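Accompanying notes for the structure given below.
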Amino acid sequence: MNTTLNDIIKEGYDIQKGIYPDNGGGLYATFSFKDQNKYLKWAINVTKFIESNFSKDETYERFKETLFAIEKELTVKEFNKLMFILESYNSSLHNENSKSNVDKNKALIDLLIKSFSEDDMQKITSILNEGGKIEDIKPFMEKLNPNKLIEIVLEILKLNSR
């Protein structure tokens, strides 16, 4: 399935734009979808996506309850809840990826610290912080013996495969 959570959220907001008041002459406002079939297809796809990509936790239960509430009676508030739940999945995904990148960067920095002198590390850090290029760091890499360079490259490859 090539669908991403961002695609699902974007489509949900498109569907949300098609919610309209459907007052059948009653006292209370009721709502309908402009395209009920589009919503149903989207809801099924979202459910499948969440079931296959996220564990069934309390957020999943709230998601299912909200879908059920929408089936009983569509309200803008319930649909907003559904979108907030999807956004929370999206932010939890982002946080996991950020944590993973921080861990990889820390491991790489530790490896570089072991390979270069403190003075060289300060110079490398300065070059990187100023938006330097690979060519600027090349003289430091040339200082390393070939075995150390191979060790760094292998470690970088191992970090990237996690």
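Values quoted throughout were computed directly from the atomic coordinates according to the rules given, and no laboratory measurement underlies them. All values derive from a computational prediction rather than experimental measurement. Note: ideal-geometry Cβ built from the backbone for every residue, glycine included; neighbour counts use all protein chains shown.
If the chain between D22 and L154 were fully stretched, how many nm would it gain, using 0.36 nm times the residue separation less the Cα-Cα distance?
41.2 nm
Under a plain spin-label model, where a point goes 7 Å from the Cα along Cα-to-Cβ, how far apart in nm are Y13 and N80?
Using points 7 Å along Cα→Cβ, the separation is 1.6 nm.
Using the Karplus curve 6.51 cos²θ - 1.76 cosθ + 1.60 with θ = phi - 60°, what ³J(HN,Hα) values do you get for each residue of segment 69-76, in whole Hz, with x for Gly and Pro?
Values, residue by residue: 4, 5, 5, 6, 7, 6, 9, 4 Hz.
Rounded to the nearest 0.05, what FRET efficiency do T59 and E130 have when you use their Cβ-Cβ distance and R0 = 45 Å?
0.60
Search the structure for amide H atoms under 5 Å from the amide H of S32, placed 1.01 Å from N in the peptide plane, and list their residues when 5 or more places away or on another chain.
Y20, D22
List, in the order given, every pair from K17/K56; K56/K158; K38/K72; K17/K48; K10/K72 whose Cα-Cα distance in the structure shown is over 26 Å.
Check vs 26 Å cut-off fails for K17/K56; K56/K158.
Could you derive backbone 3J(HN,Hα) for segment 51-67 from the dihedral phi with the Karplus parameters 6.51, -1.76 and 1.60 (θ = phi - 60°), listing whole Hz in sequence and x where the residue is Gly or Pro?
4, 8, 10, 9, 5, 7, 10, 5, 5, 4, 4, 4, 4, 4, 4, 5, 4
Around D14, under 12 Å between beta carbons, what's the net of Lys plus Arg minus Asp minus Glu among the other residues?
My count for the surroundings of D14 gives +1.
When the chain is fully extended, how far beyond the present Cα-Cα distance does I44 get from K72, taking 0.36 nm per residue of separation?
8.5 nm
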